[in-house]
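Data block below; observations after.
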Amino acid sequence: MTSTPLVVLENVNKHFGDLHVLRDINLTVNSGEVVVVIGPSGSGKSTLCRTINRLETIDSGEIRLDDQPLPAEGRALARLRSDVGMVFQSFNLFAHKTVLQNVTLGPMKVLRKPRGEAEAHAMELLDRVRIGNQAQKYPAQLSGGQQQRVAIARALAMSPKVILFDEPTSALDPEMVQEVLDVMTDLAKDGMTMVVVTHEMGFARRAANRVVFMADGEIVEENTPDEFFTNPRSERAQDFLSKIL
Ligand code: ADP
Ligand code: MG
């Protein structure tokens, strides 16, 4: 494991009106690292993710990717969005496009890849998420687990530096959760840098290099998964774990 900082947040604050949703957040995600973010609903986990690819602006502090402050606009912002992949709870696939088209669209439009090259890469990625045989189908013809694996392939197609997963299995039927977690575990093993918001504690234990526990907009605890699950330091983490484990 290298320890090159890839994503760095320093004293980040964010308000929605009177609500202070991110309070002095300091967090470093090193290249190749898997950081799992857990915490109660409303604690600011999604907002944290969304600030990293600038879907949300911040009020103070600084966020850097690869040592560069996040760009505010223009081509640099478009490049940031391809460098920072995002996989949401609700798949967000284009319903009127095939699986293959969903994966090739970004590379062709944003990265200006020729169709042939984009399709060849897309097919490799669809095989990697174990869904190559569904390339010509439309999202509605797939199960939720299959759709989420397409969304992961679509994120990978932009050759991102980091992928943010915001509760990627929360909308899935229980029998489909594991197939998505398996694909994410493969990515982690292959060295992909990942920030994963999840309630899947088994995944956190197995795949995380670090667990970040958030409550009320703060990072309350940062720990190794072993320590966090067997011996959490903070009372709020103890309380949270006693409710979900
Ligand atoms: P989590 O993902 O941990 O459940 P969120 O980051 O979604 O938490 O939300 C943190 C807090 O910010 C919540 O109280 C939520 O209601 C509020 N919030 C999130 N997005 C917005 C928004 N666009 N406008 C106003 N309040 C918001
Ligand atoms: Mg959320």
Check your understanding: Out of curiosity, is E117 at pLDDT below 95 and either surrounded by fewer than 16 Cβ atoms within 10 Å (Cβ to Cβ) or closer than 24 Å to E10 by Cβ (or both)?
Key -> no
Practice item. Determine which member of the set D190, D239, D226, D166 is under 29 Å from N102 (Cβ atoms) and away from ligand 2 (no atom under 16 Å from the Cβ). Key: D190
Study note, to complete from the structure: Going through (1) of a type in the set (A, V, I, L, M, F, W, C); (2) within 16 Å of ligand 1 (Cβ to nearest atom); (3) touching a residue at least 12 places away in the same chain (Cβ under 8 Å) one by one, L19 fails only at (3)
Practice item. Test each condition in (1) crowded, with 19+ Cβ neighbours inside 10 Å; (2) of a type outside the set (G, A, S); (3) within 15 Å of the chain's Cα centre (by Cα) for H199 and report the one that comes out false. Key: (1)
**Study point:** Complete set of residues in region 33-53 that are more than 12 Å from ligand 2 (Cβ to nearest atom) and either at pLDDT 95 or above or among the small types (G, A, S) (or both)
**Key:** E33, V34, V35, V36, T51, I52
**Study point:** Residues satisfying the stated conditions in region 24-63, i.e. surrounded by fewer than 17 Cβ atoms within 10 Å (Cβ to Cβ), within 13 Å of ligand 1 (Cβ to nearest atom) and under 15 Å from A215 (Cβ atoms)
**Key:** P40, S41, G42
Exercise for review: Say whether the condition of being away from ligand 1 (no atom under 16 Å from the Cβ), hydroxyl-bearing (S, T, Y) and modelled with pLDDT under 95 is met by at least one residue in region 89-109.
Suggested key: no
Exercise for review: Identify, by number, the condition in (1) under 24 Å from G42 (Cβ atoms); (2) of a type in the set (D, E, K, R); (3) in contact with a helix residue (DSSP H, G or I) (Cβ under 6 Å, 6 or more places away or on another chain) that E179 doesn't meet.
Suggested key: (1)
Check your understanding: Of the residues in region 87-104, how many are crowded, with 16+ Cβ neighbours inside 10 Å, aliphatic (A, V, I, L, M) and either in a loop (DSSP other than H, G, I, E, B) or touching a residue at least 40 places away in the same chain (Cβ under 8 Å) (or both)?
Key -> 4
Review point. How many residues does region 54-82 contain that are touching a helix residue (DSSP H, G or I) at 6+ places or on another chain (Cβ under 7 Å) and within 16 Å of ligand 2 (Cβ to nearest atom)?
Key: 1
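The values are calculated or read from the model by the stated rules, or taken from the named source; none is laboratory data. For clarity, every value in this text was computed on a predicted model and none was experimentally measured. A quick note on method: Cβ atoms are made from the backbone with ideal geometry, for glycine too, and the neighbour counts reach across all protein chains shown.
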